[in-house]
Ligand code: FAD
């Protein structure tokens, strides 16, 4: 008999409970990936992610081939395609990872219903995409944690599954139709500096980063130019590395750097458990604050300047240009860019989240939307009125201006701290810089924010 493994956000062979369960239940397994237009319509289809996805699928196929199998790719509606493959192979069981979005919940429900109507079973495995299954730890009287610190405490104390090795061999039924595995070269408008996807690259990065950089993580994770964070986020987003294994390996290494890194990994689980319990927070405020976000012609122009990295605030612009060039942005840059859009320009966080999702290779509903809400003060942040000052942030996290110099070449001739305040350059030299004046003064931005929130 035959089992099917439906791959979704878990494009790997190591530490993969659905694949192990399928292999344990049947001698032959169909490793299936469905390219579903509905996923694109749900917000997935950004060129950077499509390119990275193609890398991940190519690598997954190669890994399966090295074990005697191959990846089967179909195009169409996931439920219809899984049912068709199940009929073609007479598979009894389908295994897949549990998802956290409203889209994933609905897909699971439809798939279970359709398979059961055909006399087959769907097994949905928890804790494949996140370290702990979303919803496993909850406070008394609620279905999710709204505050990070108590969640982190409970999360840290929970027992963990030991990461499992990749299977040695995967036998796939012979006469089974498959579309071609997508290729990155077929995707247009990809960011020039986009990383290469796939489990092989992800595991190499994990091993190299843990041995070289993790010890410096606690002290230097906010150093924008130093760039010492793991950059594992796209591999985690596509499940090319297992979050459970990443945490396990960091913990086995030990030390303050590893502990600080594991804490960030907990943020990822935290946002997933919020979204799992409150799917509408992908688009609606977690805490309703009745913000009257700015609208109109000037607001539109401000949004365009922010998107283009032309706000006149060098650190904000550097971060936005890194996003466009790499499809990735340093966390400190994301925090500042989001604070600037929502609290200085006073524009709706959904506009910023949409722009990020259009470019981020790691862009996902849980982490992107809920971090945006956190930064905008509509989410789970316990200090919603904190406003990040781009000049002070620059002095602190880019003290010699190297990050700005890398991404805003117009200012490369300036030394720090002047590079962070080019409006202070004497007028004649200033005109030669070809860099815009600030689109708003910080005092005006702050006044707008306070008035809108009814603070004065
Ligand atoms: P590291 O510092 O090496 O951290 C390790 C891992 O921990 C990351 O790969 C990530 O999976 C997780 N992590 C770290 N910080 C956070 C966080 N604040 N929230 C959730 N998980 C975290 N992360 C995404 O993966 N996808 C997104 O779409 C996304 N959008 C964001 C939008 C905004 C406005 C903000 C402020 C943050 C966003 N983040 C997002 C979180 C964070 O910025 C990135 O995960 C991180 O910068 C990725 O780089 P890294 O892998 O080097 O992180």
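Every number here is computed from the coordinates shown, using simple stated rules; none is lab data. All of these numbers come straight from a predicted model, not from anything done at the bench. Using ideal geometry, Cβ is built from the backbone for each residue, glycine included, and neighbour counts are taken over all protein chains shown.
Figures for the structure shown
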| item | result |
| --- | --- |
| Helix axis angle, 199-212 relative to the chain longest principal axis, alpha carbon, degrees | 50 |
| Förster radius 41 Å - calculated FRET efficiency between residue 92 and residue 264, Cβ distance, rounded to 0.05 | 0.50 |
| Degrees between helix 78-89 axis and first principal axis of the chain (Cα, 0 to 90, nearest 10) | 20 |
| Anisotropy class of the range 145-289 from Cα gyration tensor, a/c 1.5 cut | rounded |
| For the range 116-164, convex hull of alpha carbons as volume per residue, Å³ | 132 |
| Förster-model FRET efficiency, 41 Å R0, residue 185 and residue 211, C-beta, rounded to 0.05 | 0.80 |
| Highest average packing first - 75-85, 234-244, Cβ atoms within 10 Å | 234-244, 75-85 |
| Centroid-to-centroid separation of the range 412-456 and the range 258-282 [C-alpha atoms, Å] | 34 |
| Segments 364-372, 12-20 sorted - mean Cβ within 10 Å per residue, highest first | 364-372, 12-20 |
| Relative contact order [Cα under 8 Å, 6+ residues apart], the range 297-451, whole percent | 27 |
| Relative packing of 45-57, 95-107, 117-129, which averages over residues the other C-beta atoms within 10 Å, highest first | 45-57, 95-107, 117-129 |
| Cα extents of the range 1-141 along the three principal axes, largest first (Å) | 47, 37, 27 |
| Equivalent ellipsoid, the chain (semi-axes from 5 times Cα gyration tensor eigenvalues, Å) | 41, 23, 22 |
| Residue-averaged [θ]222 nm for the chain, counting only DSSP H segments that reach four residues, each worth -39500 (n - 2.57) | -13500 deg cm²/dmol |
| Under 13 Å from the residue 452 label point (7 Å along Cα→beta-carbon), backbone N, the range 269-298 | 289-296, 298 |
| The chain: angle of helix 243-253 to the longest principal axis, Cα-based, in degrees nearest 10 | 70 |
| Mean-position separation - Cα centroids, the range 306-353 and the range 90-153, in angstrom | 33 |
| Evaluated over the range 297-451, the Cα radius of gyration and Dmax, each in Å | 14.9, 47 |
| Spacing of the two label points (7 Å from each Cα toward its C-beta) at residue 157 and residue 304, in nm | 5.5 |
| Cα gyration tensor shape for the range 196-254, rounded if a/c is under 1.5, else prolate or oblate | oblate |
